[in-house]
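Read through the structure below, which is laid out as structure tokens, and then see the notes.
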Amino acid sequence: SFENGDFSRYDWSLPTSPRGVDRWEADRTSVAFDGDHAARPGILTTPNSVSNLTIALEGLDVSRGGLLTFAVHASVEMPVDVMYFTINHEIIRTFDKVATGHSTGDWTEVSVLLQPGEHTLTWSYQYYGRPGPGHPQYGSYQMDPRRMGNSWVDAIGLEAFTGDVSFSDRGDDDALEDLLRYDPAMGGWELERDAEAFLGSHSYLAYTEDIVGESGYAELSWTIVAGPSGGILSFAAFASVYAPHDVLEFTVNGLPQVVLTTPSYAWDQHFVEIDPGRHVVRWRLVKNIPGLSMGIIDEFDVPQGYEGYVKVDGIMYLDNQVHVHQEVVPNLANQQPATKATTTTTTTEAPEKTTMKATTTTEEPVTTTEEPPRTTTTTTKATTTTKATTTTKATTTTTTTTTTTEEPTTTTMATTTTTTTTEEPPPAASAVGAQAEPQQPPLPTYDQLDFSCPPELQTVPGLPGCCIEEPNYLGDGACDPWGPYNTEECAFDLGDCCRETCNHDSPYGCDT
């Protein structure tokens, strides 16, 4: 970030308090995180002095937001000094001591999801001074020897959110080179013309026999930076594989999400939720996954039609971050009040958090078929689209349309009307013809109350009004936190849902 040896690459500002104290410098250092230079805060000796490194993200390409990353080597310790990272003057990270296990040259990497818009970023070093022997709180203070030396900040970068992406079907390698990564030395993937492609006329294809050696893999990878609301990655796969000879794995940050171990008879479409932040997704055709000798592998028969290849197509990522600004203009002729509907996504930037998470509504994929519409939530994968693979393209295709629905937040300006009513004194009751006030009906007695239960539920002796399916669940030491068990009528699961009344000698011992 600072390989020029100064701050001239971007419009940095270096304010200090009080004026005249040492400012931040871009210095050459052997402990730089990236390259040979890093940013060093001013060397302060005046108590209660501050040296800041600030940049305003105004003219830069930040309209879509992104993932802000940087590295910090903090040689600080309270009560002597501290370093803060703030966004729009709100503290996001605090560095107030040398982290456990740190030594000279160790760095802490920080990632923060930055909402779309203009922001002011500040790395602030504040020096308070070393407390003297007579200090009422730190009189016996012993400084950590690892604090000695300078603090550093390096490798500041902003990676834009991936946004909505669908890979084109151009039939060249541009998509592979621009976004997808693969290693030809391992036996790579190829974008090839495919008469039975899931979409268009091409598919990404890899053959097991092209993988070098008795075991290994052909990998196709993609880095996704998901917005504060996350997103959905979808793809279609057709696999002519059979374990242990070969398998197709799809992973997110190394964690398997989809694994195909047997031959496919049609294209299967998969949907995977992607959390906010930066993720590496990989499609791997793995050869001989257990690492067996070829003599043993050859003893495993394969099913008829096995050919040892995989195809991937229809790769698409949809970000859940939606920005809609819609305004309904009032009809002046009818004098209708103005109504403004706004859908926004906001971020709560809290101190001591590496990642700022958005307070949003999670949007779920909606699957539309010929049946009445219904909403389906998919956690890792869902096979919802089927397209037959034959020598001739199938004439019937079931198409799944994935849409995102988010209810707008509507702000309506209401008019409050205050009505003042003057109460007239009631007419005086005369002795002749005066009517008495109606009497309230008497309250029913306990014996008159109806505590009967519906036929499908059972009553509980001693707990009138407690109607449940299984009375044995009451007082067993395990809290059943739903109704009607955890209600006042059922004595809050007969005490199981209250620590002070739960019977520890019960079958579950109040541990559930």
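The values are calculated or read from the model by the stated rules, or taken from the named source; none is laboratory data. Not measured: the values here are computed from a predicted model. Neighbour counts are summed over all protein chains in view; Cβ atoms, including those assigned to glycine, are modelled from backbone coordinates with ideal geometry. Note: accessible area is taken over every heavy atom of the protein model, side chains too, but ligands, DNA and RNA are not part of it. Shrake-Rupley method; radii C 1.70, N 1.55, O 1.52, S 1.80 Å.
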If each residue of separation counts as 0.36 nm, what is the full-extension length gain between Ala243 and Tyr473 once their alpha-carbon separation is subtracted?
78.2 nm
Under a 5 Å amide H to amide H cut-off, with H placed in plane at 1.01 Å, what residues pair with Ser49 once short-range neighbours are removed?
Tyr127
Give the share of C-alpha pairs in each 5 angstrom bin for the stretch 189-257, from 0 to the last occupied bin, in whole percents, shortest bins first.
3, 12, 20, 23, 20, 13, 6, 3, 0
Between Ser8 and Ser168, take the C-beta separation as r, use R0 = 35 Å, and let me know the FRET efficiency to the nearest 0.05.
0.35
Please give the net charge around Asp298, taking every other residue with its beta carbon less than 15 angstrom from that of Asp298, where Lys and Arg add +1 and Asp and Glu add -1.
-4
Please find the FRET efficiency linking His504 to Glu456, where r is the Cβ-Cβ separation and R0 is fixed at 35 Å, and quote it to the nearest 0.05.
0.60
What whole-number distance in Å separates the alpha-carbon centres of the stretch 1-55 and the stretch 187-244?
46
Could you work out how far apart the two model spin labels at Thr261 and Trp482 are, taking each label as a point 7 Å from the Cα in the direction of the beta carbon, and quote it in nm?
3.3
Which three semi-axes in whole Å describe the equivalent ellipsoid of the stretch 217-298, each the square root of 5 times a Cα gyration tensor eigenvalue, listed largest first?
28, 15, 8
Accessible area of Lys97, 1.4 Å probe, to the nearest 10 Å²?
130
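Which semi-axis lengths, in whole Å and largest first, follow from the square roots of five times the eigenvalues of the Cα gyration tensor of the stretch 105-161?
35, 15, 9
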Phi-based couplings in Hz for the stretch 485-492 (Karplus 6.51, -1.76, 1.60; Gly and Pro marked x)
5, 8, 10, 5, 4, 9, 6, 6
Placed amide H near Thr459: partners under 5 Å, 5+ positions off or other chain:
none
What ³J(HN,Hα) values, in whole Hz, does the Karplus curve 6.51 cos²θ - 1.76 cosθ + 1.60 give for the stretch 505-510 when θ = phi - 60°, with x put for Gly and Pro?
8, 6, x, 9, x, 6
Interchain or long-range residues, amide H under 5 Å from Gly163's placed H
Gly227
Between Glu58 and Gln137, what is 0.36 nm times their sequence separation minus the Cα-Cα distance? Round to one decimal in nm.
24.1 nm
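Suppose R0 equals 56 Å; then what is the FRET efficiency for Leu292 and Glu118 from their Cβ-Cβ distance, rounded to the nearest 0.05?
Once the sixth-power term is evaluated, E becomes 0.45.
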Extend 7 Å from the Cα of Ala160 along its Cα-to-C-beta direction; within the stretch 275-302, residues with backbone N under 14 Å of that point are none
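Quick check: at a probe of 1.4 Å, how many percent of the accessible area of the stretch 8-132 sits on carbon and sulfur atoms?
43
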Karplus ³J(HN,Hα) for the stretch 145-161 (6.51 cos²θ - 1.76 cosθ + 1.60, θ = phi - 60°; Hz, whole; x = Gly/Pro) runs x, 6, 5, 4, x, 9, 8, 9, 10, 8, 6, 7, x, 10, 9, 5, 4
Rounded accessible area per residue of the stretch 4-126, 1.4 Å, Å²:
47
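So what's Rg/Rh here for the stretch 1-65, counting alpha carbon atoms and using the Kirkwood radius for Rh? If you can, show how the numbers build up before the last one.
Numbers: Rg = 13.7 Å, Rh = 13.2 Å.
Computed over Cα atoms, the ratio is 1.03.
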